[in-house]
Amino acid sequence: MLKLFTGKRKKKLNDEIDRQQVRLEGLEEDSEEYQKTLKTLKELFKLRDDLKVNISPTTIAVVGGIVQILLILNYEQANVMTSRATNFITRGRG
């Protein structure tokens, strides 16, 4: 699993979740404020889960293969004359 969204955004979100949990502990379960806080807490958890980006290993392997092919093609295009190729040219066809 690759987590792309880390740092300040996630820390702020976790801090807000902690504040809401502390607030929830101080309220009575049958109060309207408790229900509002619980709803807010559920939305914060959902938002935190949405920030995680999952990339499957298969996708990483495919992208890695494509990058390797592009690197090989770029090398072949830039370095056409190699040491072996020059030997064949100077020897001639006879």
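The values are calculated or read from the model by the stated rules, or taken from the named source; none is laboratory data. Only a predicted model underlies this, so the values are computations on that prediction, with no experimental measurement involved. Glycine also receives a Cβ, built like all others from the backbone with ideal geometry; neighbour counts cover every protein chain displayed.
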Would the range 33-50 turn up any residue that is assigned to a helix (DSSP H, G or I), modelled with pLDDT of 85 or more, in contact with a Leu (Cβ under 9 Å, 6 or more places away or on another chain) and among the charged types (D, E, K, R)? yes
Kindly establish whether I72 is modelled with pLDDT under 85 and not in a helix (DSSP H, G or I). no
With the requirement that a residue be of a type outside the set (F, W, Y) and either part of a loop (DSSP other than H, G, I, E, B) or modelled with pLDDT of 85 or more (or both), what does the range 1-12 give you? M1, L2, K3, L4, T6, G7, K12
